[in-house]
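Q: The structure is given below, and queries will be raised subsequently.
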Amino acid sequence: MNREGLDARLRRHFARVDTAPGFEARVLARVAALPSPRILERRLEVERQQFALRKRLRREAWFNAATALGVGAAALAAVWRHGPEVSDRMRELVEHATQGGGLGVAAVALGAWFVWWSWRAGAGR
Amino acid sequence: MPADQAIVELVQAGRGQEAFERLLPAYRRRVFGLAYGILRDRAAAEDLAQEVFVKLWQALPRYDGRAQLSTWIYAITRNAAVSALRARRRELSLADEAVAAEVEGVAAPDAAAAEDPALRRAIDRLPEKQRQAITLYYMDERSVEEVADMMGIPANTVKTHLHRARASLAAALGESAKEPA
């Protein structure tokens, strides 16, 4: 057998190798049963966005907690070091607020509400 | 390839279904041939080709056109076929080696093997890359360059594989192929 003979024999051999009839119809039927790739893409995109949002909120919660801890520690240190002065100052502030009437009370209430709201928002994450 | 260009344009226009309906007949033989060249089993290659087309359907909206469409499809097919081959070998390695070889040899009694069993046996004994090159080259009269693209190797390496494979086949069939220099 020469090169041409071998080539022809190989071509004959491989010409018989093919998919079974109806291959394309079977593939199309399979993909028809799947959700559209665009929908899958959209789902993946939404999942990616939700993951990024959760990550950001977790990071912010840590930052808020650290800030609150720092402020608390600073306040404690200030009270520890300048106890009488701080208590005099606080008394003055309270007196000032109560003398100022409704506006001062409203400011204190708003501050308290903000602290409570921040705490709730942090706890909800 | 002009057909590829049309498919890419459809993908970019968001007409994935239409693109896939054109891609399927255009690549059926090539995807199947590549899978067959690696797996050496018609039924397994057909199952794998189906899986590859389902993957292509799902991945088509993400095709960004950086690689040629054919190169992208062949890479997906090669990866899937090589994974399937490894999985099959792991299964067979549980059995005795001689039994495993026997099982692999008789796994796909297809029409081609039935018509020319001596040639089929000789092809099966070729090293993997030579067998793939011979299969892809002769299955649809492809050029060396296209076979190189399908296998992901340089064209000169394909020529070497083809040359060695022909020589081995000729020797195995008890003949000498008089190849031009």
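Q: So what is the 222 nm mean residue ellipticity for the protein assembly as shown from helices alone, if each DSSP H run of at least 4 adds -39500 (n - 2.57) and you divide by all residues, rounding to the nearest 500 deg cm²/dmol?
A: So the helix-based figure for the protein assembly as shown works out to -27000 deg cm²/dmol.
Q: What is the helix-to-structure angle for A:23-32, meaning the angle in degrees between its Cα long axis and the longest Cα principal axis of chain A, kept from 0 to 90 and rounded to the nearest 10?
A: It works out to around 20 degrees.
Q: Roughly how many Å² is the accessible area per residue of the range A:36-122, as a whole number, for a 1.4 Å probe?
A: It amounts to 87 Å² per residue over the range A:36-122.
Q: Same structure, new question: Looking only at other chains, what is the average number of their beta-carbon atoms within 10 angstrom of each beta-carbon in A:29-36?
A: 3
Q: Right, next: Once you place label points 7 Å from the Cα toward the Cβ at A:A8 and B:N79, how far apart are they in nm?
A: The two pseudo-label positions are separated by 4.3 nm.
Q: Could you tell me the convex hull volume per residue, in Å³, taken over the Cα atoms of chain A?
A: About 231 Å³ per residue, rounded to a whole number.
Q: Give me the accessible area per residue for the range B:115-181, probe 1.4 Å, as a whole number in Å².
A: On a per-residue basis, 48 Å².
Q: Please give the average number of partner chain Cβ atoms lying within 10 Å of the Cβ of each residue in B:27-36, rounded to a whole number.
A: Neighbouring Cβ atoms belonging to other protein chains average 2 per residue here.
Q: Which value, in Å² and to the nearest 10, is the accessible area of B:K129 when all protein chains are kept and the probe is 1.4 Å?
A: Accessible surface of B:K129 is approximately 90 Å².
Q: To continue, here is another question. Report the residues of the range A:12-50 in range of a label on B:Q17: point 7 Å along Cα→C-beta, backbone N strictly under 18 Å from it.
A: A:25-42
Q: In Å², rounded to the nearest 100, what is the total accessible surface buried by chains A and B against each other with a 1.4 Å probe?
A: 3800 Å²
Q: Given a 1.4 Å probe, show me the residues in the range B:135-169 buried by at least 50 Å² of accessible surface when comparing the whole protein assembly to the chain alone.
A: The answer is B:Y138, B:R166 - residues whose exposure falls by at least 50 Å² when every protein chain is included.
Q: Expressed as a whole number of Å, what is the distance separating the alpha-carbon centroids of the range B:49-66 and the range A:1-40?
A: Each part reduced to its Cα centre gives a spacing of 17 Å.
Q: One quarter of the convex hull surface, Cα atoms only: what value does that give for the range B:115-181 in nm²?
A: 4.6 nm²
Q: Please report the base-10 log of the normalised intensity I(q)/I(0) for the protein assembly as shown, using a Debye sum with one equal scatterer per alpha carbon and no solvent, at each q in 0.06, 0.15 (1/Å).
A: -0.42, -1.20
Q: I'd like the carbon and sulfur percentage of the solvent accessible area for the range A:24-102, probe radius 1.4 Å, heavy atoms only, ligands and nucleic acids excluded.
A: 65 percent
Q: How much length would be gained if the chain were fully extended between A:A73 and A:V86, taking 0.36 nm per residue of separation minus their Cα-Cα distance, in nm to one decimal?
A: Net length gain for the segment: 3.2 nm.
Q: How much net charge surrounds B:D140 when only the other residues with a Cβ under 13 Å from the Cβ of B:D140 are counted, with Lys and Arg +1 and Asp and Glu -1?
A: +3
Q: Just add up the charged neighbours of B:S83: K/R +1, D/E -1, any other residue whose Cβ is under 14 Å from the Cβ of B:S83.
A: For residues surrounding B:S83, the net value is +3.
The values are calculated or read from the model by the stated rules, or taken from the named source; none is laboratory data. Note that the coordinates shown come from a computational prediction; the quantities given were computed from them, not determined experimentally. All Cβ positions, glycine included, derive from the backbone under ideal geometry; neighbour counts span all protein chains shown. All accessible areas refer to the heavy atoms of the entire protein, side chains included, with ligands and DNA or RNA removed. Shrake-Rupley method; radii C 1.70, N 1.55, O 1.52, S 1.80 Å.
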